[in-house]
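Taken together, the values in this text are just the output of simple stated rules run on the coordinates, not laboratory data. None of these values were measured; they are calculated from a predicted model. Here the Cβ positions follow ideal geometry from the backbone for every residue, glycine too, while neighbour counts run over all protein chains shown.
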Amino acid sequence: MRIDIITALPQIVEGPLDQSILHRAQDKGLVTVHVHDLRSFATDKHRQIDDYPYGGGAGMVLKPEPLFAAVEHVTATASTAPDEVIFLTPDGEVLDQPMANALSLRQHLVLIAGHYKGIDQRVRDAFVTREISIGDYVLSGGELPALVLVDAVARLIPGVLGDAQSALSDSFQEDALDAPVYTRPASFRGREVPEVLRSGDHQRIAAWRATQRREKTAERRPDLLHDTTDTSL
Ligand code: ADE
């Protein structure tokens, strides 16, 4: 998969992309991420990327020219046309696991991280195929949401995680939260690992986990249970 991130603050996204699973995904050639500095697409001598909003109001708006140039640069230089051009915004549809699953099947995503008050509407009208929010709160820019999206999607690509099963057994993959997990030692500061997990009885372990998942989901996220298709819950 190829991912292009267009941002006015490339340093924010570059650090995390160089670490851990996102680094490994790129190292293995499973994901290629290109970060584009919006300012390098500014055409005027001050390299201005934002301006005051027409009609007044607080905040600055990202100008259309550098964003058009950046998206056109990506489409002209990439060997695959983008499947989606995604604008990260609190206005968008809220990211969830089914959306991440669907996006992980795409070949080429372009992410636009906005800043300031927003981006000129003409960019949205001309290029954006999807608007995605990472939750009902407002961040100061789209860089962290872009990273959240890249992480949620990249870890689903086969081969990115060491254990292919672990992405599938995550919380939310089956509309339920995860059961508690433990590792050694069996006893730590007076707290014991539940006996069932040490029993070696896989049927009992599966039944215990299903109960834990159902109880935790009912308590914390009853909204997830209504459309569950997992009959073990
Ligand atoms: N930009 C600012 N806040 C955001 C959010 N919650 N989701 C996506 N992009 C954003």
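Pull out all pairs, ordered by first then second residue, where Cβ-Cβ is under 7 Å, the residues are six or more apart or on different chains, the first lies in the range 1-21 and is in contact (Cβ under 8 Å) with a residue 40 or more places away in the chain and in a loop (DSSP other than H, G, I, E, B), and the second is among the aliphatic types (A, V, I, L, M) and buried (at least 18 other Cβ atoms within 10 Å of the Cβ).
Pairs that qualify, where the first residue is in contact (Cβ under 8 Å) with a residue 40 or more places away in the chain and in a loop (DSSP other than H, G, I, E, B) and the partner is among the aliphatic types (A, V, I, L, M) and buried (at least 18 other Cβ atoms within 10 Å of the Cβ), are Met1/Val31; Ala8/Leu38; Ala8/Ile49.
Restrict the check to the range 56-65 and report whether at least one residue is away from the ligand (no atom under 16 Å from the Cβ), surrounded by fewer than 15 Cβ atoms within 10 Å (Cβ to Cβ) and under 26 Å from Asp136 (Cβ atoms).
yes
Which residues, counting only those in the range 112-130, are touching a residue at least 40 places away in the same chain (Cβ under 8 Å) and out of contact with any Asp or Glu (no Cβ under 7 Å at 6 or more places or on another chain)?
Ile112, Gly114, His115, Lys117, Gly118, Ile119, Asp120, Arg122, Val123, Ala126, Phe127, Val128 - these are the residues of the range 112-130 that are touching a residue at least 40 places away in the same chain (Cβ under 8 Å) and out of contact with any Asp or Glu (no Cβ under 7 Å at 6 or more places or on another chain).
Inside the range 168-216, can you point out the residues that are over 30 Å from Gln97 (Cα atoms) and of a type in the set (Phe, Trp, Tyr)?
Matches in the range 168-216: Phe188 only.
Evaluate the following for Ala206: is it within 16 Å of the ligand (Cβ to nearest atom) and either touching a residue at least 24 places away in the same chain (Cβ under 8 Å) or not in a helix (DSSP H, G or I) (or both)?
It is false that Ala206 is within 16 Å of the ligand (Cβ to nearest atom) and either touching a residue at least 24 places away in the same chain (Cβ under 8 Å) or not in a helix (DSSP H, G or I) (or both).
Which residues, counting only those in the range 103-146, are within 11 Å of the ligand (Cβ to nearest atom), hydrophobic (A, V, I, L, M, F, W, C) and either closer than 23 Å to Val33 by Cα or assigned to a helix (DSSP H, G or I) (or both)?
Leu111, Ile112, Ala113, Ile119, Ile132, Ile134, Leu139, Leu144, Ala146
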